[in-house]
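The values are calculated or read from the model by the stated rules, or taken from the named source; none is laboratory data. Because the structure is predicted, anything quoted here is derived from the model rather than measured. Ideal geometry is used to build each Cβ from the backbone, glycine not excepted, and the neighbour counts take in all protein chains shown.
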Amino acid sequence: MPERVAVFDTTLRDGEQAAGTRLGSKEKLHIAAQLARLGVDVIEAGYPNSSPEDFEAVRLVSREIEGPAICALSRAVPSDIESCGKALAKAKRPRIHTGIGASDVHILGKFRDEKYGRTLEEKREHILQMAVDAVKLARQFVGEVEFYAEDAGRSEPAYLFRMIEAVIAAGATVVNIPDTTGYTVPEQYGALIRSLCQNVPNIKQATISVHCHDDLGMAVANTLAGVRNGARQVEGTINGIGERAGNAALEEVVMALRTRADYFGVKTGIDSRELYRTSRMVADLLGMAVPPNKAIVGRNAFSHSSGIHVDGFLKERETYEILRPEDVGIEESRVVLTARTGRAGLRDRLGKLGFKLSKDELDQAYQRFLKLADKKQEVFDEDLVSIVHTDVWAPPELYKLEYLQIYSGTSSIPTATVKVKVGELTHAGSAIGDGPVDATCKAISSVTKTSAKMLRYEIRAVTGGAEAMGEVTVQLEDAGRRVLGRSVSTDVIEASARAYLDGLNKLANIHAATGA
Ligand code: KIV
Ligand code: ZN
């Protein structure tokens with residue numbers, strides 16, 4: 001019988017760090033529900049002590065999601081651990097993920113203060129004790145405690161062995177050996193996992209987990225090397241999103257283990273047919289498009305174009321395909337949605353896309369769908385995803401666009417005139433800019449009297465053809481808070497204005513909720 005490898009998803013924690021923004025708790029809950037359908041064993045829902053929003057998201061996911069263990073991250077400090085304990089109180093299977101730096105680079109760099117010891121040796125001892133104390137405290141709140149030895153990939157093996165032995169003795173049920181900086185290569189990382197099995201006397205009392213980053217493009221390969229050498233939990237994110245170059249892409253790890261079961265001899269509990277849908281949802285909600293050539297879930301992953309390949313593929317699929325699209329949830333047939341589809345058809349399609357909407361939300365989605373279907377002959381799945389995120393689930397709106405006019409051309413200065421409803425009053429104003437989008441955002445910020453900084457602006461066609469919907473994503477920052485604003489329209493300047501206002505509305509909601 002193949003051994004079972006547990007899948008630990010950290011899209012909502014390590015993955016979310018990538019976007020430099022916070023997902024709302026409703027968005028996190030939506031992704032968590034999809035991860036549960038996908039069959040992951042653990043969902044790391046956030047880092048509760050980092051912000052009130054993250055605390056709320058972990059609390060909500062803990063209360064609502066059944067099936068996977070719900071995990072929360074903490075440093076090895078009591079306030080973090082206590083916060084995890086509170087946020088996880090309603091989870092059926094709570095897990096605290098606590099840990100501390102294990103490499104000398106981390107120990108000397110992060111624990112400079114003499115209170116941690118004066119020499120490297122003294123600091124190492126102090127940190128080892130903090131690790132043990134953290135695990136003991138976490139065990140007072142939950143039965144499952146995962147310990148991470150941060151930057152294990154660059155740590156001194158003998159010290160790492162001692163630390164892992166000590167935390168297992170203190171009650172850790174899972175030990176995570178992160179390659180935090182993506183420094184190792186597969187042979188080396190695999191050997192590190194094997195050496196833990198050989199040198200930590202109580203290692204059998206815990207599960208070894210692998211958590212790899214992709215700085216040198218080896219996160220998935222390192223993860224698989226870890227499994228080959230004894231790890232029985234893999235960590236990663238959907239689409240490989242995460243800090244810097246990202247984490248191991250879970251869809252790749254899972255499909256490699258499944259397709260090459262002959263080599264790895266293990267299985268996971270993942271329903272691979274949910275992979276594509278999960279990937280789309282994460283890409284849409286975080287505003288991070290999946291590259292077309294991305295393994296498993298990229299648009300081209302199952303496309304064949306060159307004559308030789310197409311000829312071979314048509315004669316015998318296996319000549320050029322080692323995976324079947326339907327195994328990862330890419331349907332070859334699709335239902336065409338038009339204005340005649342009706343409410344039931346829309347509900348069915350939304351359900352297949354993973355959305356569970358209330359009656360009111362469905363009504364709202366249907367009204368927007370009808371308007372769109374009038375403008376376009378066919379409404380695609382991507383359009384529906386955008387409708388839900390930008391129209392139905394939009395936060396309460398302080399600012400509403402009432403009117404937008406653009407004056408632009410090859411020999412004129414781009415000028416935008418806007419009317420924006422702010423609460424009950426309508427304010428109008430104009431501005432010039434470097435281009436029509438710049439002019440529009442300047443006009444909006446002048447009439448709303450806001451001064452958010454735009455850190456990122458992205459536009460992509462979500463559907464094909466000349467009547468394509470353009471999706472605009474902006475990242476705004478104000479008073480240290482970062483948000484994503486999104487909107488979609490067949491008119492890209494209108495989409496830009498609405499995305500900008502969506503961001504301003506989110507900032508206004510955050511400021512109202514936190515009093516900041
Ligand atoms: O990369 C890392 O070391 C982490 C830990 C917090 C688990 O994300
Ligand atoms: Zn990480």
Inset, instruction - Determine, yes or no, whether Tyr148 is within 16 Å of ligand 2 (Cβ to nearest atom), outside any helix (DSSP H, G or I) and of a type outside the set (Val, Ile, Thr). - result: yes
Inset, instruction - Could you list all residues from the stretch 31-50 that are out of contact with any Pro (no Cβ under 9 Å at 6 or more places or on another chain) and either at pLDDT below 95 or part of a loop (DSSP other than H, G, I, E, B) (or both)? - result: Tyr47, Ser50
Legend entry - Count of the stretch 90-130 residues which are of a type in the set (Gly, Ala, Ser) and within 13 Å of ligand 1 (Cβ to nearest atom): 4
Inset, instruction - Would you be able to say whether some residue in the stretch 170-184 is touching a residue at least 12 places away in the same chain (Cβ under 8 Å) and assigned to a helix (DSSP H, G or I)? - result: yes
Legend entry - Which numbered condition Leu192 misses (of (1) in contact (Cβ under 8 Å) with a residue 24 or more places away in the chain; (2) more than 15 Å from ligand 1 (Cβ to nearest atom)): (2)
Legend entry - Test result for Val447, buried (at least 17 other Cβ atoms within 10 Å of the Cβ) and without any contact (Cβ under 8 Å) to a residue 60 or more places away in the chain: yes
Inset, instruction - Looking for whichever is within 16 Å of ligand 1 (Cβ to nearest atom), in contact with a helix residue (DSSP H, G or I) (Cβ under 7 Å, 6 or more places away or on another chain) and not in a strand (DSSP E or B) here; the options are Val210, Val220, Val234. Which one fits? - result: Val220
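Just wondering, is there one or more residues in the stretch 44-55 that are touching a His at 6+ places or on another chain (Cβ under 6 Å) and within 16 Å of ligand 1 (Cβ to nearest atom)?
no
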Legend entry - Checklist (1) at positive phi; (2) more than 16 Å from ligand 2 (Cβ to nearest atom); (3) not in a loop (DSSP other than H, G, I, E, B) applied to Leu285, failing item: (1)
Inset, instruction - Scan the stretch 49-78 for residues that are crowded, with 17+ Cβ neighbours inside 10 Å and touching a residue at least 60 places away in the same chain (Cβ under 8 Å) and jot them down. - result: Glu53, Ala69, Cys71, Leu73, Ser74
Legend entry - Output for the stretch 377-430, where each listed residue is part of a strand (DSSP E or B), modelled with pLDDT under 90 and not β-branched (Val, Ile, Thr): Ser408, Gly409, Ser412
Inset, instruction - Spot the failing condition for Val253; the list is (1) more than 13 Å from ligand 1 (Cβ to nearest atom); (2) among the hydrophobic types (A, V, I, L, M, F, W, C); (3) not in a helix (DSSP H, G or I), and only one is missed. - result: (3)
Inset, instruction - Considering only residues that are within 18 Å of Ala248 (Cβ to Cβ) and touching a Cys at 6+ places or on another chain (Cβ under 8 Å), look in the stretch 187-225 and name the one that is nearest to ligand 2 (Cβ to nearest atom). - result: Ala219
